[in-house]
Structures are given as structure tokens and as C-alpha cells.
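The structure under discussion appears below in the form of C-alpha cells.
The values are calculated or read from the model by the stated rules, or taken from the named source; none is laboratory data. Because the structure is predicted, anything quoted here is derived from the model rather than measured. With ideal geometry, Cβ positions are generated from the backbone for all residues, glycine too; neighbour counts draw on all protein chains shown. The protein model used for the area step is the full one, side chains on, heavy atoms only, and it has no ligands, DNA or RNA in it. Shrake-Rupley method; radii C 1.70, N 1.55, O 1.52, S 1.80 Å.
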Amino acid sequence: MPVPSAVGDPDSAIPLSALLIDTEPRPAPAAGVRRGSEYAVLMRQIRDAGLLNRRLRSYGVRAGITVAAFLGGWVAFALIGDSWWQLGTAVFLALVFAQFAFLGHDAGHQQIFGTRRINYLAGLLFGNLGIGLSIGWWTSNHNRHHANPNTEGADPDVMGILAHSSGRAATGRGFRAFIFRYQAWLFFPMLLLEGGSLHWSSVRAVWRRSIPNWGWEGALLALHAIAYLSVVFLVLSPGKALVFIAVQQGLFGLYMGCTFAPNHKGMEVFDEPGAVDFLRRQVLTSRNVRGGWFTDVALGGLNYQIEHHLFPSMPRPNLQLARPMVIAFCAEHEIPYCETGLLESYAQALRHLHEAGSPLRQPA
């Protein structure tokens, strides 16, 4: 995907190609005291600590457990047969699909293997074939998000169906205005449609040939859809099959949305790229979620959102190790570091969405 040669950010002097999710930014040397040099110091500390080294054994165990759960879920599906008990299987497979998505996410970020090609192949298996999501579309979309998080007009994640600023909410018309007005109340119910939205975006990218290797990606998406629908409709009656699909895909989308919601919603929103340097752009727009190993597994490591945005190719197991180093560095440079509990992160996100939609609730 062709990209401009540089970000319009005089402070950081970081090439846009270096902000893509499969590498780390490398600021150019700067004369005097410049904010762009601060990130270089932090990066050096992280590299010296070995936290960018691959963690193949950890990923091997993680992938093995996830694949076993995936196969076990479909074996249970076949054994249970045409029964409403399959709704339990639908819930289980929704959780497993999300874990596949996390592995595809890590492969897209080049976190798992040392070469781009093998990571891409892993993304095809976990994403396109495993759960029907295009790794090519996701990578292209996610590149723009990582380059300019929470930046209106540049980050696709804040230019969707929700308004993240009162200025954008004020532009809403018709049905979109209704969504903006009540977006805090509609947020979680709308996440039930997120799985369908992800599938549709994947198919549309292949149809438009807007991604590399669109032929292979399309073939694997089709293979997934044929296998998924064939198994479901061969085992279940049509009515039960439709309910199973609605529950499984709806909960998959809800789960994915619940892992994304704490990351950036309610954090600082910029109205143009290059408003601040790279280090602050990533830290000020991101929020970490506190918790133990269960939170790490449930959120796929995305609860270390600040560290992930600063070092996109850092393997997931190393993010928690980088956290105290980043906290200390931010304290030293007086950069606010936001970390909260899971429920509080949702509360902050919903409060922000409610406030952003307030212009449409004012009396005429």
C-alpha cells in the first residue's frame, strides 16, 4: 500500500512508513532538545531489555490451546446434534473466535514470527480461514489507526458510526443524528452487529480488489463461509441454525467490541494529524486496563494499550514487562499515563460518548 513519505509532524520527524503496524518508528536524530528524541530514548531502553525479541514458545502454547478449543467446540457441536443446547456451543465458539482474532491481530503486527511472510500466512489461517475476517483489509485499516489514533479525518476508528467529539456529532443528520444523540445508550446493543460489520468489510475489500493477494484472501473467506454454513445447516434444523448463527456471531461481535471499547474512547481526540509528537500522540489517546492473567487473556493483551501503541510489534507476553518502564518514563517526562479498572474504563467511554452527543440533545 503506497503511503506518503512523512507525517506532517515537525516535532517527531518520524516517517509514516515507520508507523505501520509491522515495524517500530525510528525517529531521526535531532539537534538540541526535541520531543522526537524522547521516544528514541525509550525505544533504546526497550530494545536493550530484549522486549522486542520474538516469543515463539509462548505463542506456540497459546495457539495450540486456542486451536484445540476451536476443534473441540465443533466436535461438541456435531455430538450434541439438533438441539437447543447448541446455544451453549454458540457462546463458547464466540469466545474462541475472538481468541483467533487476537492471534490474527498479533500476526498482523508482526509480533509472532520474525518474517513478514510467515506472519501474513498465520494471519490468513487465523483470520480469513478460521473466522472469516480478511487480514489484508484489517492490516490496511489498522495501519491508519496506529499512525493517527483518535484523530478525526485520519483514524478510521473514530470516523465510523459513532461521534467522538461534539463537533462531529453536530454534523449528524437524519438517522445518523439519532445514533449520535443516543450513542451511549446504543453502544453495547450495536456491538451485536459488529461481527457482521467485520465480515462485510472483509468481503467488500476483496470485491473491490483494494488489498494485496485479494484472490487468495477471497478464496479463503469463501472456504470459511462454505464450511461454517454447511456444518451448521447440516446438523441443525433451519430455524435452530439461524438462531445459532445470530447468537454466535452476535456475541463474537459484542466480545470484540468490549475489548476495543476501553482502549481509546474517552481519551484525547485530535482534530488533525501531527498535533503532538509520536510519543504523546500514542500515550495521550490510549488507556490501559488493570487486571491479572485473566484480564490479559480475556482482552488479548489489548489491556496494555499504551505499550502496544508505542511498540506495535512487541510480542503480547512482553507488554506487561514493558509497562513499568513506560510508566516510569512518562512520569519522568510529565506525560499523563491513564490506567483504570475494566468497569471504570467502560464508564469513562460511555460518559464521553454521552457528552459528545450532547449538542443534539439541546433544545432547539
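Assessment of the range 36-52 against the conditions (modelled with pLDDT of 50 or more, part of a loop (DSSP other than H, G, I, E, B) and touching a Phe, Trp or Tyr at 6+ places or on another chain (Cβ under 9 Å)) yields at least one matching residue.
Any residue that is aromatic (Phe, Trp, Tyr), open to solvent by 20 Å² or more (accessible area, probe 1.4 Å), touching a residue at least 40 places away in the same chain (Cβ under 8 Å) and touching a helix residue (DSSP H, G or I) at 6+ places or on another chain (Cβ under 6 Å) - is there at least one of those in the range 269-289? Checked the range 269-289: no residue is aromatic (Phe, Trp, Tyr), open to solvent by 20 Å² or more (accessible area, probe 1.4 Å), touching a residue at least 40 places away in the same chain (Cβ under 8 Å) and touching a helix residue (DSSP H, G or I) at 6+ places or on another chain (Cβ under 6 Å). Taking the conditions (1) free of Cβ contacts under 8 Å to residues at least 60 places away in the same chain; (2) within 29 Å of residue 51 (Cβ to Cβ) in turn, residue 159 satisfies each one other than (2).
Does residue 198 satisfy being within 23 Å of residue 70 (Cβ to Cβ) and touching a Cys at 6+ places or on another chain (Cβ under 8 Å)? No.
When the helices (runs of 4 or more DSSP H) confined to the range 103-182 are screened for residues that are modelled with pLDDT of 90 or more, those reaching at least 1 such residues are found at 116-123, 135-147, 174-181. Are any residues in the range 123-156 free of Cβ contacts under 8 Å to residues at least 24 places away in the same chain and open to solvent by 10 Å² or more (accessible area, probe 1.4 Å), and if so, which ones? Those that are free of Cβ contacts under 8 Å to residues at least 24 places away in the same chain and open to solvent by 10 Å² or more (accessible area, probe 1.4 Å): 125, 144, 156.
Check whether at least one residue in the range 235-254 is closer than 26 Å to residue 160 by Cα, more than 22 Å from the chain's Cα centre (by Cα), open to solvent by 50 Å² or more (accessible area, probe 1.4 Å) and at pLDDT 95 or above, and report yes or no. The answer is yes, given that some residue of the range 235-254 is closer than 26 Å to residue 160 by Cα, more than 22 Å from the chain's Cα centre (by Cα), open to solvent by 50 Å² or more (accessible area, probe 1.4 Å) and at pLDDT 95 or above. Restricted to the range 303-364, the set of helices (runs of 4 or more DSSP H) holding at least 2 residues that are open to solvent by less than 40 Å² (accessible area, probe 1.4 Å) and in contact with a strand residue (DSSP E or B) (Cβ under 8 Å, 6 or more places away or on another chain) comprises 305-310. Please enumerate the residues belonging to the range 33-90 that are among the polar types (S, T, N, Q) and open to solvent by less than 70 Å² (accessible area, probe 1.4 Å). Answer for the range 33-90, where residues must be among the polar types (S, T, N, Q) and open to solvent by less than 70 Å² (accessible area, probe 1.4 Å): 37, 58, 66, 83, 86, 89.
Under the condition of being surrounded by fewer than 16 Cβ atoms within 10 Å (Cβ to Cβ), in contact (Cβ under 8 Å) with a residue 24 or more places away in the chain and either β-branched (Val, Ile, Thr) or assigned to a helix (DSSP H, G or I) (or both), the residues counted in the range 205-231 number 4.
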